[in-house]
Amino acid sequence: MKQEAYTVTQLNAYIAHMFAEDYALRGITVRGEISNLKYHPSGHIYFTLKDETSQISGIMFAGDRAGLTFRLENGMRVLCTGSVGVYQRGGSYQIYAKAFQPDGIGALYLRFEQLKKELSEMGMFDPMYKKPIPKYAMHIGVVTAKTGAAVRDIIQISKRRNPYVDITLYPALVQGEGAAQSIVKGIKTLDEMGLDVLIVGRGGGSLEDLWAFNEEIVAKAIFDADTPVISAVGHETDTTIADYVADLRAPTPSAAAELAVFDLRKFQENLDSYQATLTSVMNEHIQDARQLKSQLALRVNQQNPVLRLKNMSEKVHVDREKLRALMADRLNRARIKEKDYQRLFVLMDKRLQESKQRLSIITERIEAVSPLRHLSQGYAYVTDDAGKRIDSIQQIKPGEVLHTTLRDGMVQSAVIDIKKKKDFGLSS
């Protein structure tokens with residue numbers, strides 16, 4: 001008997017039918033760790049779900065991603081709900097995911113962290129985009145529920161700080177279905193009114209209660225608003241995505257009112273202080289101006305033509321008298337000097353005559369002893385080659401050249417012989 005043979009396709013189809021008919025494999029939830037994750041351009045998500053000893057391939061089709069409220073990541077532990085079926089073409093079985101739920105961490109918290117990271121990478125938390133809150137805002141917009149402690153606290157504190165401030169309330173849903181869309185509409189509506197500042201928030205609650213302020217559309221509405229936005233969501237310990245995007249975060253709605261509305265009483269006190277300071281400064285300036293005026297008036301009087309002519313006339317008169325006195329003094333001194341010069345001339349003439357007489361006497365004395373006079377009388381003046389005067393035979397030697405000066409010239413001679421006085425019969 002010949003055994004019937006099946007094709008591979010038939011076998012895979014049979015196994016696939018068995019999987020499809022197995023109720024336990026339909027709507028099954030499997031706990032495992034995501035690996036080999038791939039977001040395909042088609043919109044499908046491919047992954048592997050594994051534990052310590054086994055693994056199974058999986059896919060989530062693009063049409064099923066609408067219910068996925070967070071982004072899958074490698075290493076993430078999840079609860080995957082879907083059905084197990086056979087991929088007939090490859091002859092393998094896999095899980096076809098319909099939904100994911102974080103395993104060991106709340107889904108909302110995970111969505112919060114993932115959106116926070118995503119918006120941060122987009123730069124929506126960057127301080128460079130933060131708009132300054134006006135210091136003296138007079139028209140405040142508030143996006144919150146029309147009833148509740150939040151709106152009452154904002155109005156009460158705002159009016160207490162400044163009774164003249166205008167508050168425009170947009171009554172928005174702040175919790176539940178449609179809350180995020182309502183908050184976005186409120187922000188856009190009040191932003192178009194050209195107000196000074198917006199307060200967006202609500203009172204405290206659980207993470208689920210505050211979730212509308214963690215939605216991406218709310219974050220983008222706050223970021224895109226031209227009006228500065230103060231977030232005021234929950235209590236001081238509560239933090240939402242809106243707090244990171246807003247231009248300023250207030251820990252509570254009450255604190256938001258204090259940050260948005262200036263204290264009129266302190267403002268008036270500051271004005272009084274400024275006025276006192278300004279008055280003091282003005283008085284000082286006035287006093288300085290008066291002193292300057294007096295100085296200028298004095299200078300103007302000093303520059304007055306009539307006064308200047310009078311002063312110049314008086315000065316000319318005084319200078320004229322000084323000049324006359326000086327000229328008289330100079331003239332008197334000149335006269336005295338003239339007499340002194342005359343006496344000096346007489347004295348000099350007398351001294352000159354006396355000097356002439358003394359010179360004549362000295363001249364006669366000099367001529368009496370002058371060598372030239374003796375030379376004229378037949379005497380001679382003898383010197384050696386060095387010009388040294390010779391007055392003794394002891395100073396010369398035979399053969400030495402002598403220079404003899406006579407009345408009308410000089411004779412150069414050589415010594416032939418030397419004789420003493422005794423050789424001539426003369427006594428010394």
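The values are calculated or read from the model by the stated rules, or taken from the named source; none is laboratory data. Keep in mind the model is a prediction, meaning the values are calculated, not measured. So basically every Cβ, Gly included, is an ideal-geometry build from the backbone, and we count neighbours across all protein chains shown. All accessible areas refer to the heavy atoms of the entire protein, side chains included, with ligands and DNA or RNA removed. Shrake-Rupley method; radii C 1.70, N 1.55, O 1.52, S 1.80 Å.
Just a few scattered comments:
- As a length-normalised measure over Cα pairs under 8 Å and 6 or more apart, the relative contact order of the chain settles at 9 percent.
- ³J(HN,Hα), Karplus 6.51/-1.76/1.60, whole Hz, each residue of region 194-199, x for Gly, Pro: x, 6, 7, 7, 10, 10
- Amide H contacts under 5 Å for Asp166, placed H, 5+ residues apart: His139, Ile140
- Residues whose amide H lies under 5 Å from that of Gly205, counting only those 5 or more places away or on a different chain, are His235; hydrogens are built 1.01 Å from N in the peptide plane.
- Tyr341 - accessible surface, heavy atoms, 1.4 Å probe, Å² rounded to 10: 120 Å²
- Our coupling estimate for region 118-129, obtained by passing each phi through the Karplus curve with A = 6.51, B = -1.76, C = 1.60 and θ = phi - 60°, is 5, 5, 5, 5, 6, x, 6, 9, 5, x, 5, 9 Hz, Gly and Pro reported as x.
- Dipole of region 119-245 [Lys/Arg +1, Asp/Glu -1 at C-beta], most positive-end residue of Pro132, Ile241, Ala180: Pro132
- Scoring 192-199, 14-21 by mean Cβ neighbours within 10 Å over their residues and listing the highest first yields 192-199, 14-21.
- Phi-based couplings in Hz for region 185-190 (Karplus 6.51, -1.76, 1.60; Gly and Pro marked x): 4, x, 4, 5, 5, 6
- For Lys188, solvent-accessible area (1.4 Å; no DNA, RNA or ligand), Å²: 120 Å²
- Greater than 28 Å apart at Cα, pairs in Lys293/Lys322; Lys38/Lys188; Lys38/Lys116; Lys50/Lys117; Lys397/Lys422: Lys293/Lys322; Lys38/Lys188
- Summarising the amide proton neighbourhood of Glu400: residues at separation of 5 or more, or on other chains, whose placed amide H is nearer than 5 Å comprise Val415.
- Relative to the compact-globule estimate of 2.2 N^0.38 Å, the Cα radius of gyration of the chain comes out at 3.01.
- Relative packing of peptides 250-261, 233-244 - highest average C-beta neighbours within 10 Å first: 250-261, 233-244
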